[in-house]
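Questions regarding the structure given below will be posed in turn.
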Amino acid sequence: MIDLVRETPIGQAIRLISRNRLLQYPEERADFELPPQYVAILKESEKSSDQNRSRSSGGIITHSAGGDNLSDGTRSTVCTAPYSNDRMRAEQELDLQRTKSIPIDPQRTTDGIILVDWYTTDDPANPQNWSRFKKYFVIFVLCFYTWTVYCAGPIYATAEEGIQDHFGVSAVASTLGLSLYVLAYGIGDLVFAPLTEIPVVGRNPVYFLTFIIFWALSFPEAVVDSFGGLLALRFWLGFFGSPALANGGATVGDMFSLIYIPFGLSWWVFSAWAGPAFGPLLGGFAAQAKGWRWPLWEIVWMASPALIFLLALMPETSPSNILLRRAKRLRKLTGDSRLQSQSEIDQRHMKASDIIFSALIRPMEIMMKDPAIFFVNVYTGYFYGVFYTFFEVFPLVFPVFYGFNLGQTGLTFLSCFIGVIIGLAGYFAYLHFYMVPDNIKNGLREQEHRLVPAIIGSFLLPIGLFIFAWTSNPSIHWVVPLIGVGIFVIGHFWVMQSLFIYLPFSYPQYTASLFAGNSIWRSGVAGGSVVFARPLFINLGVDKGVTVLAGLSVMGIFGTIAIYVFGKKLRARSKFALS
C-alpha cells in the first residue's frame, strides 16, 4: 500500500514537502545496497569504455555479471514493442521468470551509457509485476474517473428543457451544450494523448492537473446566468475531461501483457458506457424535483470524489517515467552520469514538430491514404453518432407515446447499461474460452482473425435500430423498443472492441496517431448528431428517422466483412500497415 500511495500525486507532494524524507524509494534509504550487477558494470575499466566508444554509436553491448542473471534484452522496452508474436513470446517468457526473482543485468551502449532497467524479474516497481488486486484497484480508479467524465456529458440533456425556458433559446440551440462537450473530447485527445508519451511527463500529471480544472469549472457551470457562458463552460469541461478517453487505454496497457490487455480495456470501455447510461437517470429525477440546475450540481458531486481518488489512490503506471526517475535517483546516489534510462535517451531525440505532426497531420494522412482506416473511422464515427441521437429521440418517444415523466425517461437509458453488461460478458467468454487459449497455442494469427465479434456486432447494430424504430408505438409495450436499444448496444460494444484491437495490431507504428484521429472523427460526428437528431426525428417521425439510420448502418456489415476477407491484401499494399 505504501508503494501505491508513494506513486500517487498526494504521495509525490508529501515527498516534495518533506524533502524526500517521507515515503522514500529504496534508493533513498540508508540501508540500500546497489544491486551487484550494477556494481560490477560500474567497476569495469575505463579502457573497456574507450574501446566501446570507437564502435558505431547507438548500439548496445550486453553486460553479464555471470551466474543466472538475465541479460538477453532490455526488459523495460518489451511493453513498447509492436503487437507481434515476438512481443507475445517475450512476455510469456517474462511471466515465467516472474515466478522467481532473477537479477536483470543492465546493458551498456557503445558510447558508454548504462541503461537503468528493472532490478529483478519480479521488481515491484514494474506495473506488470503488481498483484492482481493492485492492478484491478487501479482499473477501478480509472473507471470511476472515466465514468464521471462520460456521465457529465449526457446528464446535461435532462436540463435542456429548463435551459430553453430560462434563457429563451430554441430546442436545437439547447442541445449545443451536449454537442460541444462531446466535440471537445476529441480536440482534447489531440493535445493530451501525445503529452503522456513524453517520459518526463508520464500519465498521472495529465490526469490530475486537467481534472482539477474540470472540477473547478463544474462550479461556475452550475450557477452561470448566460447561455453563451454555459456553452463555453461545457466545451472546456469536455476538453479537460478528455484525458480519461485519450489515455485510459495506455494506462491499461502499462499493467497487462499483450494477450490480457483486452480484459482490462473492456472494463475501461464498460465504464465509458455506464456513464451515459446513468447520467440521464441521475439527472432526470433531479431536474424534475429541483429544477434544471440540479443535474449540473450533480457533476460537482461526482467530480469531487473522483478527484480525491485520482489524487490519493492513482499511481503512476508509465514504465518510461518510472525508470527515468529511478535513473535520476541512482545518479544522485552514485554520482555517475552514465546511469540513464532508455526513455531519457529517447526523450532527447523528441522534437516538438514531430509530436505536432503525429497528432495533427499524420492521422488525416493515414485516413486518406489507407482504405481500411478510412472505413474504421467512418463506421465507428457513424454508430457513435447514432448512439448520441438517443439523448434526443428518447424524450420524443417515451414521454409522448407512453406518458413517462423526466425521471422515468432517464430510467430507460438503463437499457444501454443492460446491453453493455451482456456485451461485456459475451466478449469475456470469447476471450477466455477461445482467443486467449488460441493465442497461447498458435501464437498471434492474422490480425483479421480478431474481427469475428465485429462481424456479428455489425449485424446487431441495424437489427436493434429497426426494432426500436418500428416498435416505438403506444400500442406496443415500452420494453420492446428498449430491447432493440439493448441489442444495438451489444453490437456497438463488440464492433468497437474488435476494431480497436485490430488497429494497433495492424498499424503498430502509428497507433497513437490512429486513435487520436479516430477520436476526433468520432467526437465530431457525435457532436453533429446531437444537433441534427431532433430536427430529423421531428420532420420524418421517429419510425422513419431511425429507419434511415438503421438502413445506413447496414453498409457497415459489408465493410466489416470486406476488411475480414481482404484486409491482408490491403495491408500488403499499405505503407503504414504491418503486413
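Only the coordinates and a few stated rules stand behind these numbers; no lab work does. Bear in mind the structure is a predicted one, so any value in this text is a computation, not a measurement. Heads up, the Cβs are rebuilt from the backbone with ideal geometry, glycines too, and the neighbour counts pull from every protein chain shown.
Hey, which of these cross-link pairs are over 31 Å Cα-Cα: K135/K369; K100/K135; K290/K544?
Checking Cα-Cα distances, K135/K369; K290/K544 exceed 31 Å.
As a test of understanding, state the convex hull volume per residue of the range 202-257 from its alpha carbons, in Å³. Mind showing how you got there, number by number?
Numbers: hull volume 3.5 nm³, N = 56.
Spread over its residues, the Cα hull of the range 202-257 gives 62 Å³ apiece.
Dipole size in debye (nearest 20) for the chain around its Cα centre, Lys and Arg Cβ +1, Asp and Glu Cβ -1?
580
Based on DSSP, what percent of beta bridges with both residues in the chain are antiparallel, to the nearest 5?
If I count the DSSP bridges inside the chain, around 65 percent turn out antiparallel.
Compare the Cα positions of G443, A184, V554 along the charge dipole of the chain (+1 at Cβ of Lys, Arg; -1 at Cβ of Asp, Glu; about the Cα centre) and return the one farthest towards the positive end.
G443
While we're here: When the helices in the chain are scored as -39500 (n - 2.57) per DSSP H run of 4 or longer and the sum is shared across all residues, what 222 nm value do you end up with, to the nearest 500 deg cm²/dmol?
That comes out to -22500 deg cm²/dmol.
Give me the three principal axis extents of the range 343-492 from the C-alpha atoms, as integers in angstrom, largest value leading.
Largest to smallest, the principal-axis extents are 66, 42, 31 Å.
Using only Cα atoms, what is the ratio of the radius of gyration of the chain to 2.2 N^0.38 Å?
The value comes to 1.04.
Tell me, Kirkwood radius of the range 416-484 from alpha-carbon pair distances, in Å?
One decimal place: 14.3 Å for the Kirkwood radius.
For the range 162-301, with only Lys/Arg (+1) and Asp/Glu (-1) charged at the beta-carbon, what is the dipole magnitude about the Cα centre, in debye rounded to 20?
Details: 4 positive and 7 negative charges, 25 e Å.
Using Cβ point charges on Lys, Arg, Asp and Glu, the range 162-301 gives about 120 debye.
In 5 Å bins starting at 0, how do the alpha-carbon pair distances of the range 471-521 split up by percent?
4, 18, 16, 15, 11, 9, 9, 8, 6, 3, 1
With θ set to phi - 60° and the Karplus curve 6.51 cos²θ - 1.76 cosθ + 1.60, what are the ³J(HN,Hα) couplings of the range 422-431 in order, to the nearest whole Hz, using x for Gly and Pro?
5, x, 5, 4, x, 5, 4, 4, 4, 5
Can you find, among G202, S170, F219, the residue sitting farthest towards the positive end of the charge dipole of the range 125-279, where Lys and Arg contribute +1 and Asp and Glu -1 at Cβ?
Going by the charge dipole, the pick is G202.
Another question about this same structure. Please turn the phi angles of the range 245-262 into ³J(HN,Hα) values with the Karplus equation 6.51 cos²θ - 1.76 cosθ + 1.60 (θ = phi - 60°), one per residue in order, whole Hz, x for glycine and proline.
Each residue of the range 245-262 in turn: 7, 6, 10, x, x, 5, 4, 4, x, 5, 9, 10, 6, 3, 6, 9, 4, x Hz.
Quick query: amide H of L339 versus all other amide H atoms, modeled in the peptide plane; which residues come in under 5 Å with a sequence gap of 5 or more or a different chain?
Long-range HN contacts for L339: I114.
Taking amide H positions as placed in the peptide plane 1.01 Å from N, state which residues far from Y507 in sequence (5 or more) or on other chains have amide H under 5 Å from it.
Hits under the 5 Å cutoff: L578.
Which Rg and Dmax, in Å, describe the Cα atoms of the range 382-448?
For the range 382-448, the Cα-based Rg and Dmax read 18.9, 56 Å.
Let me ask you something else. Calculate, in nm to one decimal, what L411 and A425 gain on full extension: separation in residues at 0.36 nm each, minus their alpha carbon distance.
Result: 2.8 nm gained on full extension.
Report the one residue of S523, L115, A429 whose Cα lies farthest in the direction of the positive end of the charge dipole of the chain (charges on C-beta: Lys and Arg +1, Asp and Glu -1; origin at the Cα centre).
Working it through, the farthest residue towards the positive pole turns out to be L115.
What are the ³J(HN,Hα) couplings of the range 11-28, residue after residue, when phi is run through the Karplus curve with 6.51, -1.76, 1.60 and θ = phi - 60°? Round to Hz, x for glycine and proline.
Listing the rounded values in order: x, 5, 5, 4, 4, 5, 5, 8, 6, 6, 7, 9, 6, 6, 7, x, 5, 9 Hz.
Label points 7 Å out from Cα along the Cβ direction at I2 and N539: separation in nm?
6.7
Can you pull a Stokes-Einstein diffusion coefficient for the range 489-555 at 37 °C (0.692 mPa s), Rh from Kirkwood over Cα pairs, as a whole number of µm²/s? Mind showing how you got there, number by number?
Working: Rh = 14.1 Å.
Translational D for this selection: 233 µm²/s.
Another one. Suppose a student asked you for the relative contact order of the chain, using Cα pairs under 8 Å spaced at least 6 residues apart; what percent would you report?
Taking the mean separation of contacting Cα pairs over the length of the chain, I get 19 percent.
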